[in-house]
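Shown next, in structure tokens, is the structure this report addresses.
The values are calculated or read from the model by the stated rules, or taken from the named source; none is laboratory data. Bear in mind the structure is a predicted one, so any value in this text is a computation, not a measurement. When we count neighbours, we look across all protein chains shown, and the Cβ atoms used for this are built from the backbone with ideal geometry, even at glycine. Just so you know, the surface numbers come from the protein's heavy atoms only, side chains and all, with ligands and any DNA or RNA stripped out. Shrake-Rupley method; radii C 1.70, N 1.55, O 1.52, S 1.80 Å.
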Amino acid sequence: MKKISTSVVLFFAIALIVKGQTDILIPVSTQNTDLIFKVGTDNRLYQAYIGPKLTRAIDNKAFQRPVHLAYVTSGTDNLFEPAIRITHSDGNPSLELHYVSHLTEKPEENVTITHIRLKDPLYPVEVILHFKAFAREDVLEQWVEITHQEKKPVTLYNYATSMLYFDAGKYWLTQFHGDWAEEMKMQENELTSGIKIIDSKLGARAHMYQTPVFFLSLNDKSNENTGELIAGTLGWSGNFQFLFEVDEKNALRIRSGINPFASEYSLQPGQPFITPSFVFTYSAQGKGLASRNLHRWAINYGIMDGGEPRLTLLNNWETTFFNFNEEKLTALLDDTKKMGLDMFLLDDGWFANKYPRKNDMVGLGDWQENKAKLPNGIGYLVKEAEDRSVKFGIWIEPEMVNPKSELYETHPDWILKLPNRPEHYYRNQLVLDLANPQVQDFVFNVADGLLTKYPGIAFFKWDCNRMMTNTYSVYLKDKQSHLYIDYVNGLYKVFARLRQKYPHLPMMLCSGGGGRVDYGAMRYFTEFWASDNTDPLERIYIQWGYSYFFPALAVCNHVTSWGKQSLKFRTDVAMMGKMGFDIPVNEFNEKELAFCQVAVKNYKRLSEVIWRGELYRLISPYEENRAVLMYVDNTCDKAVLFSYTLNSRYGETFNNVRLKGLDPAKTYAVNEINIFPGIRSIFPTKNVYSGDYLMKVGLNLTSFQPLTSSVIEITAE
Ligand code: GLA
């Protein structure tokens, strides 16, 4: 949830309550989009318009009869899903919100923040709608603050972040769902009359089945380059809900926010309830533009250090699992160096002594080095890494506990579990109660303790391997319905404390793969682990899915031994995001090693384009037996194209791929890279084409051989 600036508080404190003012228009605008609110004759606030930017100034008489209430209340005359529903301290279940005032700030040239203050005429309950407009990125962020000055607490039942309306002939919803090792599966369906909900009730690892992202296309289905749509996502690492309601007039309302499920919130007088942010972009040119808008926003504002480099790495998880010792790890440090990678990442299994972490059934919670595996401690490994000029990163999962651990024995009251029912395990573990400030301190100290003792630690992989079940917080006593919300806010407090002390330490967000991926957490993280499924064929779909909402530099992909495809195919797939390796390098033959070493060099040379270039998805694996995408830098001088043949049928034809995003007037050298030693390139000689040719005629670059790939470097001459 957001913090609000003191200047704004001051403004609202001195703002006069304007009675009976109507025809006030409040535009919230980016370079190409307008969201316009209007105060109605009844003093209520309406959404008057959302869509492409209106090119001429609009006068206040425009939008004569707006009907869509900007933040719909409950208990008076609303007949559909409300944005907010509360019960006052006197038991009255109604709320009415009237416009009071609004204010616009411009903290920087590219950003405008609009605050609209609403108030109940009868009760001292206030709602402030906040909108942050990122002009160049064409992205809007919105959140809401609810406060009251009643004598006793009021109960909040619904507290949406955002309510948006559309009036179109048809509505097409694209959603992303999955499970462990099956993240980001895309589905598109028409919305029909009534309600469709996408949500999570998992508490922790909340995005395991549904990811908090969607596209909503108007009138017709949109594709990559055409169609009118919004792409939306909620920055909340817990239970979320998107509700789509098509009413009797075929209008659509989209309510986004924390899932109200089992989460009525008792709000004390004077205490603000601040919702997480809904982030969205409007595109009249299909999903491709929407993704590029979100990527630019994420790099500039949404994720930690989006402008900084990322570390290539060697991870030991799939190579050793829990079975390692100092000697094995030291050899992996050698391999890290040999491969030309920046960092070695030590995964699960390095800790606990009373119940040594020999598998996932024991030791979670006891964050001291295991003396048998690491007799000289983490410090020794950090030093060994330094001696080889590679960095050292480490895995932690501080929110969780195994019943077989010292932590479980000493602090049973810190664990979420019902007092009168059997414990229910998932991956043999339980969740700690992050609503409890003592637990927040403990979790903070796991990370801070390691960094204090071993300042050479350069990276954390922060895992979270289960959801909540049989959930009860000793700390929350009679406020159990606060748990889902207080847990996430407790977690964010820990992240914020860590960031205060270690503002730039790179951290990978992980949750048994991609079970926790959202922009609420990504403010504190440089990247995320996309999936435990590292089979590159599966991975193409998973990474394709993430690419709609998250930039390549945040999506961690590792080359592993999972999957039967060639090492080249596996490497090319990992290379289209943030590349790493998790594979026994010592088993490589000479050619394999040489190939990987060159691929790492190629990646480092091209990573700026991949991480921060504009993404063009050219051929979707959902539509053909191949997948092709490319990244282009912002000067149109350099591009990298990835092409994968997934399968091929007898007689199948693959048409030329027309490139995008290049400068038609420029001439480009087109070269294949990542060529496996001894294999012939698909572009054996130097190829030079105009940008115009590449974008109109295109290249014939798809092999008919299933599970093959090519990486093409395109350079303006
Ligand atoms: C989760 C992660 C994996 C690995 C294991 C370790 O499953 O997603 O990458 O770190 O935990 O137990």
> Mind checking which pairs have a first residue in the range 541-557 that is at pLDDT below 95 and a second that is of a type in the set (Phe, Trp, Tyr) and assigned to a helix (DSSP H, G or I), Cβ under 9 Å, 6 or more apart or different chains?
Replying inline: none
> Across the range 455-478, what is the number of residues that are touching a residue at least 24 places away in the same chain (Cβ under 8 Å) and under 14 Å from Leu416 (Cα atoms)?
Replying inline: 11
>> Exactly one of these conditions fails for Val67: (1) within 24 Å of Ala284 (Cβ to Cβ); (2) open to solvent by less than 70 Å² (accessible area, probe 1.4 Å). Give me its number.
In response: (2)
>> Let me confirm something: among Lys568, Lys601, Lys564, Lys591, which residue is farther than 14 Å from Gln543 by Cα, at pLDDT below 95 and not aromatic (Phe, Trp, Tyr)?
In response: Lys564
>> Given the criteria at pLDDT 95 or above and open to solvent by less than 20 Å² (accessible area, probe 1.4 Å), does Thr319 qualify?
In response: no
> Can you name the condition, by its number, that Ala298 falls short on among (1) under 26 Å from Ile619 (Cα atoms); (2) open to solvent by 10 Å² or more (accessible area, probe 1.4 Å); (3) of a type in the set (A, V, I, L, M)?
Replying inline: (2)
>> Which condition from (1) within 10 Å of the ligand (Cβ to nearest atom); (2) open to solvent by 10 Å² or more (accessible area, probe 1.4 Å) is the one that Leu332 breaks?
In response: (1)
>> I want to confirm something. Restricting to the range 500-514 and keeping residues that are assigned to a loop (DSSP other than H, G, I, E, B) and under 19 Å from the mean Cα position of the chain (by Cα), which single residue is farthest from the ligand (Cβ to nearest atom)?
In response: His504
> Within the range 387-420, how many residues are surrounded by 15 or more Cβ atoms within 10 Å (Cβ to Cβ) and either of a type in the set (Ser, Thr, Tyr) or within 15 Å of the ligand (Cβ to nearest atom) (or both)?
Replying inline: 12
> more than 16 Å from the ligand (Cβ to nearest atom) and touching a Lys or Arg at 6+ places or on another chain (Cβ under 8 Å), is that true of Glu423?
Replying inline: yes
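Please verify whether Lys568 is among the charged types (D, E, K, R), open to solvent by less than 10 Å² (accessible area, probe 1.4 Å) and out of contact with any Pro (no Cβ under 7 Å at 6 or more places or on another chain), treating the condition exactly as stated. Before the answer, list the steps.
Numbers: among the charged types (D, E, K, R): yes; open to solvent by less than 10 Å² (accessible area, probe 1.4 Å): no; out of contact with any Pro (no Cβ under 7 Å at 6 or more places or on another chain): yes.
Against the criterion (among the charged types (D, E, K, R), open to solvent by less than 10 Å² (accessible area, probe 1.4 Å) and out of contact with any Pro (no Cβ under 7 Å at 6 or more places or on another chain)), Lys568 does not qualify.
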> Is it the case that some residue within the range 91-102 is polar (S, T, N, Q) and surrounded by fewer than 18 Cβ atoms within 10 Å (Cβ to Cβ)?
Replying inline: yes
> Which residues, taken from the range 221-238, are over 13 Å from Leu173 (Cβ atoms), part of a loop (DSSP other than H, G, I, E, B) and open to solvent by 10 Å² or more (accessible area, probe 1.4 Å)?
Replying inline: Asn223, Glu224, Asn225, Thr226
> Restricting attention to the range 427-460, and to residues there that are in contact with an Asp or Glu (Cβ under 8 Å, 6 or more places away or on another chain), open to solvent by 10 Å² or more (accessible area, probe 1.4 Å) and within 16 Å of the ligand (Cβ to nearest atom), which single residue is nearest to Ser511 (Cα to Cα)?
Replying inline: Arg427
>> I'm trying to understand the selection: among the residues of the range 351-362, which are assigned to a loop (DSSP other than H, G, I, E, B) and away from the ligand (no atom under 11 Å from the Cβ)?
In response: Ala352, Asn353, Lys354, Tyr355, Pro356, Lys358, Met361
> Quick one: in the range 571-605, which of the residues that are within 22 Å of Ile712 (Cβ to Cβ) and among the β-branched types (Val, Ile, Thr) is surrounded by the fewest Cβ atoms within 10 Å (Cβ to Cβ)?
Replying inline: Val598
> Hey, does the range 634-656 have a residue that's of a type in the set (Asp, Glu) and buried (at least 16 other Cβ atoms within 10 Å of the Cβ)?
Replying inline: yes
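Specify which of the listed residues (Phe244, Phe280, Phe351) is buried (at least 21 other Cβ atoms within 10 Å of the Cβ) and without any contact (Cβ under 8 Å) to a residue 24 or more places away in the chain.
On the way: Phe244 fails: without any contact (Cβ under 8 Å) to a residue 24 or more places away in the chain; Phe280 fails: without any contact (Cβ under 8 Å) to a residue 24 or more places away in the chain.
Residue meeting the stated conditions: Phe351.
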> Looking at (1) away from the ligand (no atom under 16 Å from the Cβ); (2) buried (at least 16 other Cβ atoms within 10 Å of the Cβ); (3) outside any loop (DSSP other than H, G, I, E, B), which is the one condition that is false for Leu345?
Replying inline: (1)
> Just checking, how many residues over the range 531-557 are within 16 Å of the ligand (Cβ to nearest atom), open to solvent by 10 Å² or more (accessible area, probe 1.4 Å) and more than 26 Å from Thr281 (Cβ to Cβ)?
Replying inline: 4
